[in-house]
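K.L.:
Got a structure here, written out as structure tokens. Questions coming.
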Amino acid sequence: MKSAELKDLSVAQLVDKFTAITLAQFKAELYDEFSKYNRLYGEMVAVERELKGRPGDQRIALVPLFQHPNPQVRLMAAQFTLVVAPAESRQTLQEIWDRKEFPQAADALGTLRALERGDRKPT
């Protein structure tokens, strides 16, 4: 989806789009469809940029996704909200790890460790 098309969507529609993309990522990863996963990642980043660019940085609208039943949705929402909801994002990443929801748990732990070392700076 092009950024011009994303500009026409409401924040709620962008959150729905983000959710749909991450669910498709979950399925692509499950079936080893790596090129599809990577394409979807690019789409997800475009949605995240659109939310970030909205007045007040609307990435905060992704926080309710921390309660989503799918670990990929929770993982990506937490990673993209580290700057706007740092404590809640880290807690969500820790919960994914504690529940051993692999393969997302490995990404969650990697993100937490990178944050602790200072290798990753939320933007």
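Values quoted throughout were computed directly from the atomic coordinates according to the rules given, and no laboratory measurement underlies them. It should be emphasised that the depicted structure is a prediction, and the values quoted were computed from it without experimental measurement. Backbone-built Cβ (ideal geometry, glycine too); neighbour counts: all protein chains shown.
K.L.:
Of the options Leu93, Leu51, Pro69, report the single residue whose Cα projects farthest towards the positive end of the charge dipole of the chain (beta-carbon charges: Lys, Arg +1; Asp, Glu -1).
P.N.:
Farthest towards the positive end: Leu51.
K.L.:
Moving on. In whole Hz, what ³J(HN,Hα) sequence does the range 112-123 give by Karplus (6.51, -1.76, 1.60; θ = phi - 60°), x for Gly and Pro?
P.N.:
4, 5, 5, 5, 4, 6, x, 6, 10, 10, x, 10
K.L.:
Sort Thr19, Thr92, Thr111, Thr123 so the one with the fewest other Cβ atoms within 10 Å of its own Cβ comes first.
P.N.:
Ordered from fewest to most neighbouring Cβ atoms within 10 Å, Thr19, Thr92, Thr111, Thr123 come out as Thr123, Thr19, Thr111, Thr92.
K.L.:
So how do Asp16, Asp8, Asp107, Asp119 line up by other beta-carbon neighbours within 10 Å, fewest first?
P.N.:
Details: Asp16 13, Asp8 7, Asp107 19, Asp119 10.
Ranked by crowding around the Cβ, least crowded first: Asp8, Asp119, Asp16, Asp107.
K.L.:
If you find the alpha carbon centre of the range 87-117 and of the range 1-35, how far apart are they in angstrom?
P.N.:
21
K.L.:
Here is a further query. Sorted from largest down, give the three principal axis spans of the alpha carbons of the chain, whole angstrom values.
P.N.:
Rounded to whole Å, the extents work out to 38, 34, 26 Å.
K.L.:
HN-Hα J couplings of the range 19-25 from phi, Karplus 6.51/-1.76/1.60, θ = phi - 60°, integer Hz, Gly and Pro as x?
P.N.:
4, 4, 5, 5, 5, 5, 4
K.L.:
With a cut-off of at most 12 other beta carbons within 10 Å, and DSSP calling the residue loop, which trypsin sites (Lys or Arg not before Pro) in the range 1-96 qualify? Please list them.
P.N.:
Lys2
K.L.:
By count of other Cβ within 10 Å, fewest leading, how are Leu65, Leu75 ordered?
P.N.:
Values: Leu65 21, Leu75 26.
Fewest-to-most ranking of Leu65, Leu75: Leu65, Leu75.
K.L.:
Enumerate the aspartates and glutamates that Lys7 could reach by cross-link, defined here as Cα to Cα under 18 Å, with residues fewer than 8 away along the same chain left out.
P.N.:
Asp16, Glu43, Glu48, Glu50, Asp57
K.L.:
Using each residue's phi in the range 42-47, evaluate 6.51 cos²θ - 1.76 cosθ + 1.60 at θ = phi - 60° and report the 3J(HN,Hα) Karplus result to the nearest Hz, with x for Gly and Pro.
P.N.:
x, 5, 5, 4, 4, 5
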